[in-house]
Amino acid sequence: PRTRDAALDFAWSTAATIEPWAEGVNFFPRIFADVEAARSSVHILMFGWREGEVGMRMAALLKKKLTDGVEVRVIVDGLGSRPYGKAREMFTRLAAAGAQIVVNDMFLLDRDGLFPNDQQLDWRWDEAGRADHRKLYVLDGTVAWTGGAGIEDHFQDGGFHDVMVRVTGDVVRQAQAAFLTSFHGLGGPLPADLPALFPEPAERGSTPVALAQVIPGGFVAASQAIREQIDGARERLDVMNPYLTDRDMVERILAAARRGVKVRVVVSEKSNNPQATAALRHRYAELLAAGAEVWELPGTVVHAKVVVADDVASFGTVNLDAWALYRNSEIVIIARSPEAAALLNERLFEPDIARSNRGEPPSGTRDRLQSWLCDKLTYYL
């Protein structure tokens, strides 16, 4: 098994329902309810599952599901979830209860196999320097959730502003394949009866959707899908992303504005990455001159990764920076759905823009110099 095995080329599929929910107070109760309702399997792939109130509550719920006979498989990232550090006790207890847990080791030793006692050193070091930034739940093979939020308290208390999307239909089986190939690639054992994890959906749906990923080693299907989505915009393009620094993506957004597309970009007024914020502000003058609107949301860290181009919506974990687009493991779902586009506009973009301030180019010698320098370093931010 290799982590590279998750680089699957998925065909267009279908969704029966697509439900976006903004803010942890809205999506966490629904995610917990779906986990509670699971009858056969709970699969969680998570960058950022920490030992806070929300994380401990999820661990406790999974222990209960294990006693009910539900299979629990988990993938966590060593950097994002700290399974060898502060969160070790939480994950060790969950493993002792019967959960099968594997870890993507970005730093130090590359260990494959079940955490914590059945890991072996992988001398290929194929995880080194590569975070698994994906967030994905697959429940009973019939319900999937993805978006930008980790299982962390700052998504619950409003410190980070994000969206998670619940999806049903045929595409969930692709999400299941993405999870299981990654789980096995990190040394997790697969059950003998794999078809049981891919049940026929009660409703396949008719909404065209594509599941795409970035997998370290040059597989950038998700990045290319978002590029094509932006390039295909003809009337409107709404972009919400915490780290919009990639030169190619900024140029594509500029090109959309210059060909007459109504472009709105929503970012943080003050983010958790001041260098990325400064780099984007260096491009504000170009964006505004091209006719794009730039909105800065105050009082929280914008963490959602959403693009709506006309009636095509994409959501998932892909930041528009070099790390997400080319280096880390990422996932995105793209839907050709007027309904999903309208819901994201209604629940995310319109209320956020209504409480945002218009972005202005940096002023003052110091701010201009800082933003210019950060712009030159975007490949490393």
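State all residues of segment 279-298 that are over 15 Å from Arg236 (Cα atoms), in contact (Cβ under 8 Å) with a residue 40 or more places away in the chain and open to solvent by 10 Å² or more (accessible area, probe 1.4 Å); if no residue qualifies, say none. Arg281, His282, Arg283, Ala285, Leu288, Trp295, Glu296, Pro298 - these are the residues of segment 279-298 that are over 15 Å from Arg236 (Cα atoms), in contact (Cβ under 8 Å) with a residue 40 or more places away in the chain and open to solvent by 10 Å² or more (accessible area, probe 1.4 Å). Every condition in (1) of a type in the set (Gly, Ala, Ser); (2) more than 25 Å from Leu320 (Cα to Cα); (3) modelled with pLDDT of 95 or more is met by Ala202 except one, and the failing one is (3).
Here is a yes/no grid of residues against (1) assigned to a helix (DSSP H, G or I); (2) in contact with a strand residue (DSSP E or B) (Cβ under 8 Å, 6 or more places away or on another chain); (3) within 26 Å of Ser337 (Cβ to Cβ); (4) of a type outside the set (A, V, I, L, M):
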| site | (1), (2), (3), (4) |
| --- | --- |
| Phe155 | yes, no, yes, yes |
| Gly158 | no, no, no, yes |
| Val165 | no, yes, yes, no |
| Gln174 | yes, yes, yes, yes |
| Ala178 | yes, yes, yes, no |
| His184 | yes, no, no, yes |
| Gly187 | no, yes, no, yes |
| Pro191 | no, yes, no, yes |
| Pro195 | yes, no, no, yes |
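Would you confirm, using the coordinates I've provided, whether Ser363 is surrounded by fewer than 22 Cβ atoms within 10 Å (Cβ to Cβ), under 20 Å from the mean Cα position of the chain (by Cα) and small (Gly, Ala, Ser)? No; evaluated as a whole, the condition is false for this residue. In segment 146-153, is there at least one residue being hydroxyl-bearing (Ser, Thr, Tyr), under 16 Å from Leu62 (Cα atoms), open to solvent by less than 50 Å² (accessible area, probe 1.4 Å) and part of a strand (DSSP E or B)? No, that holds for no residue. Residues considered: Ser41, Ser13. Of these, the only one that is of a type in the set (Ser, Thr, Tyr) and either open to solvent by less than 10 Å² (accessible area, probe 1.4 Å) or within 19 Å of the chain's Cα centre (by Cα) (or both) is Ser41.
The listed residues are Ser356, Ser337, Ser371, and the only one of them that is open to solvent by less than 70 Å² (accessible area, probe 1.4 Å), over 18 Å from the mean Cα position of the chain (by Cα) and under 23 Å from Gln156 (Cα atoms) turns out to be Ser356. Has segment 214-225 got any residue that is surrounded by fewer than 16 Cβ atoms within 10 Å (Cβ to Cβ), out of contact with any strand residue (DSSP E or B) (no Cβ under 6 Å at 6 or more places or on another chain) and under 26 Å from Leu280 (Cα atoms)? Yes: segment 214-225 contains one or more residues that are surrounded by fewer than 16 Cβ atoms within 10 Å (Cβ to Cβ), out of contact with any strand residue (DSSP E or B) (no Cβ under 6 Å at 6 or more places or on another chain) and under 26 Å from Leu280 (Cα atoms).
The values are calculated or read from the model by the stated rules, or taken from the named source; none is laboratory data. Everything quoted here is computed from the prediction, not taken from an experiment. Counting neighbours? That spans all protein chains shown, and the Cβs are built from the backbone with ideal geometry, glycine included. Calculation scope for accessible area: heavy atoms of the full protein, side chains included, ligands and nucleic acids excluded. Shrake-Rupley method; radii C 1.70, N 1.55, O 1.52, S 1.80 Å.
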